[in-house]
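The block underneath contains the structure these notes are about, expressed in structure tokens.
Every read-out reported here was derived from the displayed coordinates using simple, explicitly stated rules and does not represent laboratory data. Values in this document were obtained by computation on a predicted structure and should not be read as measured data. Please note: Cβ atoms are built from the backbone with ideal geometry, for glycine as well, and neighbour counts cover all protein chains shown.
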Amino acid sequence: PTITRREDYREPDWRVPEIALDFDLDPAATRVRATLQVERNGVHDRPLVLDGDALVPVSVLVDGVEATGWSMDGPNLVIPLTGSAHRIDTEVVIAPERNTQLQGLYASQGMLCTQCEAEGFRRITFFPDRPDVLSRYKVRMTADKARFPVLLANGDPIAQGEGADGRHWAEWHDPFPKPSYLFALVAGDLVANRGSFTTLSGRTVELGIWVRSPDLAKTDHALHALKLSMAWDEQVYGREYDLDVFNIVAVDDFNFGAMENKGLNVFNSRYILADPDTATDYDYDAIAAVVAHEYFHNWSGNRVTCRDWFQLSLKEGFTVFRDQSFSADQGSAAVKRIEDVRGLRASQFPEDSGPLAHPVRPDEYIEISNFYTATIYNKGAEVIRMIHTILGPDKFRAGTDLYFQRFDGTAATCEDFVASMEEASGADLSQFRRWYTQAGTPRVSATLTQEGGRARLSLRQSVPPTPGQPVKEPMVLPLKIKLFGSFTGRAMCDEQLMLFKDDAAEMVFENLSETPVLSINRGFSAPIIVETNRTAADLAFLSAHDDDPFARYEAMQQLMLDTLVASVASGSADHQPVIDAVRNTLTDGALDPAFIAEAVLLPSDSFIGDQMAVVDPEAIFRARESLRRDLGMALNAEWRAAYDAVRANRFEYSPTGKGARRIKTVALGYIAASGAADAAALAYAQFEGADNMTDRQGALTTLASGTSPLREQAIEAFYQRYAGNGLVLDKWFQTQALSSRDDTAQRVEALAQHRDFTLANPNRARALIGAFAVNQRAFHDISGRGYRFVADQLIALDRLNPQTAAKLIPPLGRWKRFDAARAARMRAELERIVATPGLSKDMFEQATKSLD
Ligand code: B3K
Ligand code: ZN
């Protein structure tokens, strides 16, 4: 397979200012006629090359005349042209119902829909399918009126009418030039939850959330989130919506979360549909965040798009930062930051330390779909957040204003963004740009020493080698730092923002009247790993006294981690400091319950593993369970008090309601961990009596890892209650795949044979296989059966849907982190995948890189 390199970027040979598309829609055979106005870009004699993927031209016309000189170069259509501007007409026939890749035009549950990013448009029609070719689109769709009464596309509806034989048609025009990856159409039997929004300048926008009619009652939350997002982008970024309509369609079969097509977002239904009985608080929050994310792309992605796919983080990192800020403003900013950092550590840190590590702006790829990663999205968001921290909110806003104004209607680069930030603020970000080029998570060691009234903070940084980048330069690390007096608990200075730019640095604090304790990287101001010389007592102190909630959480996590790592190393550890710290937090009436619930959770098995030279999944599991049991027993009364305080709450979707449900299930988990005789009955009562999915799934999760006979009863009752609800069945599969029981691998193998299991639906595949592969204990069973099972499934999935299959490779690629026996078995499965005949280039790239 060929490698695409950033340094090879060239402007397009031909521009396409206008395109008209005419679809004769039918699931078995859709006729696509395209009319392109093409213009030669610069002086050259190269032919027009139109990307195609599995397309066969039915006809090709140049300036209205049947063309003869065209040829195929592999999948692409090559048309020699003599003039500087021409009209090109092509016609192809495609089969949406046979499209199992879910890329291009495909069928899902009776509707037809599209997904074009990154390179799906070429599966619909011949076109220069690259983001720096911007065109105005006119779309006409004709379809059977009974099967497809609703016909939607980008932009504004222009006309509609009846045709012959029960068919009807509609025309949509999008006045904003856009790249092909933002094209979308949807045809189906859909109903809309309608709303409207009045913009900053007083224009009215008609909003519609389109679903199949039984789902209509589950769309209010998404519609509400859309209105909040539109208002937030006006207030915080001064960005106004620009079309008269904004539509969102929910689709059951979708490769990822959602897609920001201009004026017509298409969503995985899991990020639209919610009611208390079927969606958890986590789902409600994720829906609001994804609705916001896709809406925010209208400016950061659509009005200003990417020049090439190496610039992907230009729109994704920035837009994730925007959606994170939006969510932080809707509820507890501290809890949101904790969740985002936990996500970064769970997905991006392992990526950055493994075989698939790549910079935020990569240098090369085989398959661009493999680069929609936690590094591009989440580390990219951290990079934007650091710019925000360094510049401050006002200069940051001046920078985004300049960026949007200067690059509106164009395809821009990460460099354009950073340069706008520099120009608007006067800051020098030259060294900061290394965040775009160097992969790997920086490590900082911070040592605080005291002599009399003076303390000295010594810092050292290093960036580990990553594939293709053996040697690294020092990074710019914005570190928020503060000292607290260990006796009075008082702050000993204001928070300092230090820009740490060299291999080593020192900071001196004078006139100290008591022993200081170091609070560093407050708010997770830099996405790095910090090692300090703080003692268990220091960490316990900070977990109770730091005035930055994130730093409090972090101190508790570090205390827990240090305890667990010691326990794994030596078979046991003193649990008392953790027990005392958890008691303090749990019983601190001044704290937000949602924060408490996050702070008292132990680090995950895999995060503990990430701290170790060689991951020992069984020892980690034992150490963690032992600490959970001791916490459960020692604080039995406190957990029960916390539980009883909220036990009788009725469902209410509010920050208070969410906090109460969170602490409730966390407390239930600890009561179960203590081995209390009544724990399973308590969990079953919560399961049965729940008036919402958060409580019900929380109880099911607790039961699923236990040994009570009530476990099977709950699993069966859950299945019966939600039979036919795909999104809830996903939870059913996932909860079992995440169980910490000894027999999880067998169970998951059996579930793969269940009549409701299918690889054809990406949500279902991820719910079982994706979840199992991150269940550290079960997946890494020493027998190797977990590896074999996942490899078998991925080989089968690759034949249907390469994009979704390739996304599930990374857990197998972590072999270097494990003992020789496990590593050999993991490698053997990767080798088996690579040797599979007909493997997609998506899987080939992920699996071969994972073997290095
Ligand atoms: N831009 C899309 C992601 C497309 C993924 C293509 N493999 C959704 C988003 O990030 O908003
Ligand atoms: Zn995005």
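The distance from the alpha carbon centre of the range 395-448 to that of the range 584-659 is 38 Å, rounded to a whole number. Rg and Dmax of the chain, based on Cα coordinates, read 27.6, 92 Å.
Taking the C-alpha atoms only, the angle from helix 220-237 to the longest principal axis of the chain is near 90 degrees.
Sorting 277, 503, 546 by the number of Cβ atoms found within 10 Å of their own Cβ, with the fewest placed first, yields 503, 277, 546. Rounded to the nearest 20 debye, the dipole magnitude of the range 580-851 is 560 debye, with +1 charges on Lys and Arg beta carbons, -1 on Asp and Glu beta carbons, and the Cα centre as origin. Bridgeable aspartates and glutamates around residue 501 (alpha carbons under 14 Å apart, same-chain partners fewer than 8 residues away excluded): 428, 473. Evaluated at q = 0.18, 0.21, 0.27 Å⁻¹, the base-10 log of the normalised Debye intensity for the range 502-568, with identical point scatterers placed on the Cα atoms, takes the values -0.77, -0.99, -1.29. For the range 167-289, the square roots a ≥ b ≥ c of the C-alpha gyration tensor eigenvalues yield an a/c of 1.5 or more together with a/b not exceeding b/c, which makes the shape oblate.
The alpha carbon centroids of the range 783-852 and the range 696-726 are separated by 31 Å.
Which Cα, out of 228, 505, 217, lies furthest along the positive dipole direction of the chain (beta carbon charges, K/R +1, D/E -1)? Final value for the positive-end residue is 505.
The shape of the range 623-735 comes out oblate: with a ≥ b ≥ c from the C-alpha gyration tensor, a/c is at least 1.5 while a/b does not beat b/c. Across the range 580-851, the volume of the C-alpha convex hull divided among the residues equals 136 Å³ per residue. When you restrict to C-alpha pairs under 8 Å that are six or more residues apart and normalise by the size of the range 580-851, the relative contact order lands at 13 percent. Near residue 130, the amide H atoms lying under 5 Å from its own belong to 180; only residues 5 or more places off or on other chains count, and H is placed 1.01 Å from N.
Seen against the Cα atoms of the chain and their longest principal axis, helix 617-634 is set at about 60 degrees.
Here the contact order of the range 1-188, divided by its residue count and restricted to Cα pairs under 8 Å and six or more residues apart, works out to 23 percent.
Annotation for the range 1-79 versus the range 275-294: alpha-carbon center distance of 40 Å.
Of the peptides 469-482, 774-787, 372-385, the ranking by mean beta-carbon count within 10 Å, highest at the top, reads 372-385, 774-787, 469-482. So if the hydrodynamic radius of the range 720-851 is defined as the Kirkwood radius over C-alpha pairs, what does Stokes-Einstein give as its diffusion coefficient at 4 °C and 1.567 mPa s, in µm² per second? D, rounded to a whole number, is 87 µm²/s. Its relative contact order, with pairs defined as Cα atoms under 8 Å and 6+ residues apart, puts the range 211-357 at 20 percent.
Mean residue ellipticity at 222 nm, helices only, the chain: -11500 deg cm²/dmol; runs of at least 4 DSSP H residues each add -39,500 (n - 2.57), and the sum is divided by the number of residues. Mean projected area of the Cα convex hull of the range 1-188, taken over all directions, amounts to 11.3 nm². Expressed as a whole percent, how much of the Cα-Cα distance distribution for the range 39-99 exceeds 15 Å? I get 53 percent for the Cα pairs in the range 39-99 exceeding 15 Å. For residue 491 and residue 852, a Förster radius of 41 Å and the Cβ-Cβ distance give a FRET efficiency of 0.30, rounded to the nearest 0.05.
Computed on the Cα trace of the range 437-491, the radius of gyration divided by the Kirkwood hydrodynamic radius gives Rg/Rh = 1.15.
For 296, 509, 310, the sequence from fewest to most other C-beta atoms within 10 Å is 509, 310, 296.
Normalised by 2.2 N^0.38 Å, where N is the number of residues, the C-alpha radius of gyration of the range 167-213 stands at 1.46. Pairs exceeding a 26 Å alpha-carbon distance, out of 379/849; 482/658; 218/379: 482/658; 218/379. Taking the longest Cα principal axis of the chain as reference, the axis of helix 820-834 is set at about 10 degrees.
Placing unit charges on each Cβ (+1 for Lys and Arg, -1 for Asp and Glu) gives the range 1-188 a dipole about its Cα centre, and among 43, 110, 139 the Cα reaching farthest toward its positive end belongs to 110.
If the convex hull of the alpha-carbon atoms of the range 327-385 is projected onto planes in all directions, what is the mean projected area in square nanometres? Before the final figure, lay out each step's value.
Working: hull surface 18.2 nm².
Mean shadow area of the hull around the Cα atoms is 4.6 nm².
For the chain, the Cβ-based charge dipole about the Cα centre amounts to some 1060 debye (Lys, Arg positive; Asp, Glu negative; other atoms uncharged). Evaluated over the Cα positions of the range 304-437, the convex hull gives a direction-averaged projected area, one quarter of its surface, of 8.3 nm². Farthest toward the positive end of the dipole of the chain, out of 553, 274, 381, is the Cα of 553, where the dipole comes from beta carbon charges about the Cα centre. What you get for the range 304-437, charging only the Cβ of Lys and Arg (+1) and of Asp and Glu (-1), is a dipole of about 360 debye around the Cα centre.
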